[in-house]
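The values are calculated or read from the model by the stated rules, or taken from the named source; none is laboratory data. Everything quoted here is computed from the prediction, not taken from an experiment. Cβ coordinates were reconstructed from backbone atoms using ideal geometry, including for glycine residues, and neighbour counts include every protein chain displayed. Just the protein is used for accessible areas: all its heavy atoms, side chains included, with ligands, DNA and RNA removed. Shrake-Rupley method; radii C 1.70, N 1.55, O 1.52, S 1.80 Å.
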Amino acid sequence: MPARDLYHDSVKNALTKEGWRITHDPLILGDLELRVYPDLGAEKNVAERGMRTLAIEIKVFGAVGQISELQKAIGQYVLYRSVLRRQDLTRLPYLAVSAEIHSTLFQKQMILNLIQDENIRLLVFNPLTEEIEQWID
């Protein structure tokens, strides 16, 4: 099993505050041959949409190596999205990033283009208040 990210509990608490139920910690995807592990699985009954289920990958971007961390995060997201399309058609992948990273690195045009081109869903959270600031679909 992979190590937990620095903000793992902050995201988990933020989801719980918004009424999400954590169903998996971590979520296990794949088969007997190969497995991958998004950080969290969550579900919530949303009045207008019914039951929503999520696979959430939490990423911390340090001051050094942000581009390599971004490459890894996008690779994981795309892999999880592909597996979910074949195994769990209802579960949506989300990449969880801190509000600070979203307002800096994720506002650069190259990153904005990547998010749009790859149709990446973002969960923007505040690690200090443990609140979700934005859902970007």
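Compute the label zone of ILE67 within the stretch 95-129: residues whose backbone N is under 18 Å from the point 7 Å along Cα-to-Cβ. From the stretch 95-129, the list is 104-115. The mean sequence separation of alpha-carbon pairs under 8 Å and at least six residues apart, normalised by the residue count of the stretch 17-75, gives a relative contact order of 24 percent.
A simple spin-label model places the labels of GLU133 and ASP9 2.2 nm from each other, with each point 7 Å out along Cα-to-Cβ.
With the Cα gyration tensor of the stretch 8-79 in hand, convert its eigenvalues to equivalent ellipsoid semi-axes via √(5λ) and list them largest first in whole Å. Don't skip to the end; give the middle numbers.
On the way: eigenvalues 116, 60, 24 Å².
They are 24, 17, 11 Å, listed largest first.
GLU131 exposes around 100 Å² of accessible area when a 1.4 Å probe is run over every protein chain in place. The protection proxy used here, the mean number of other Cβ atoms lying within 10 Å of each residue, ranks peptides 25-33, 80-88 as follows, highest first: 80-88, 25-33. Share of carbon and sulfur in the accessible area of the chain stands at 50%, probe radius 1.4 Å. Within the chain, helices built from complete DSSP H runs that reach 24 Å or longer along their own axis (Cα positions) and carry a mean Kyte-Doolittle hydropathy of -1.0 or higher are 66-87. Dividing the summed helix terms, -39500 (n - 2.57) for each DSSP H run of n ≥ 4, by the number of residues in the chain produces a 222 nm estimate of -10500 deg cm²/dmol to the nearest 500.
Out of all DSSP beta bridges in the chain, what portion is antiparallel? Express it as a percent rounded to 5.
Details: 17 of 27 bridges.
So the antiparallel bridges amount to about 65 percent of the total.
Placing a pseudo-label 7 Å from each Cα along the Cα-to-Cβ vector at GLU18 and ARG86 gives an inter-label distance of 2.9 nm. To the nearest 10, the accessible area of VAL124 is 0 Å² with a 1.4 Å probe.
For the pair ALA47 and VAL78 in one chain, pulling the backbone fully straight at 0.36 nm per residue adds 8.3 nm over the alpha carbon distance. Taking one equal scatterer on every alpha-carbon of the chain, how large is log10 of I(q)/I(0) by Debye at q = 0.10, 0.15 1/Å? After summing over all Cα pairs, the log10 values are -0.31, -0.71.
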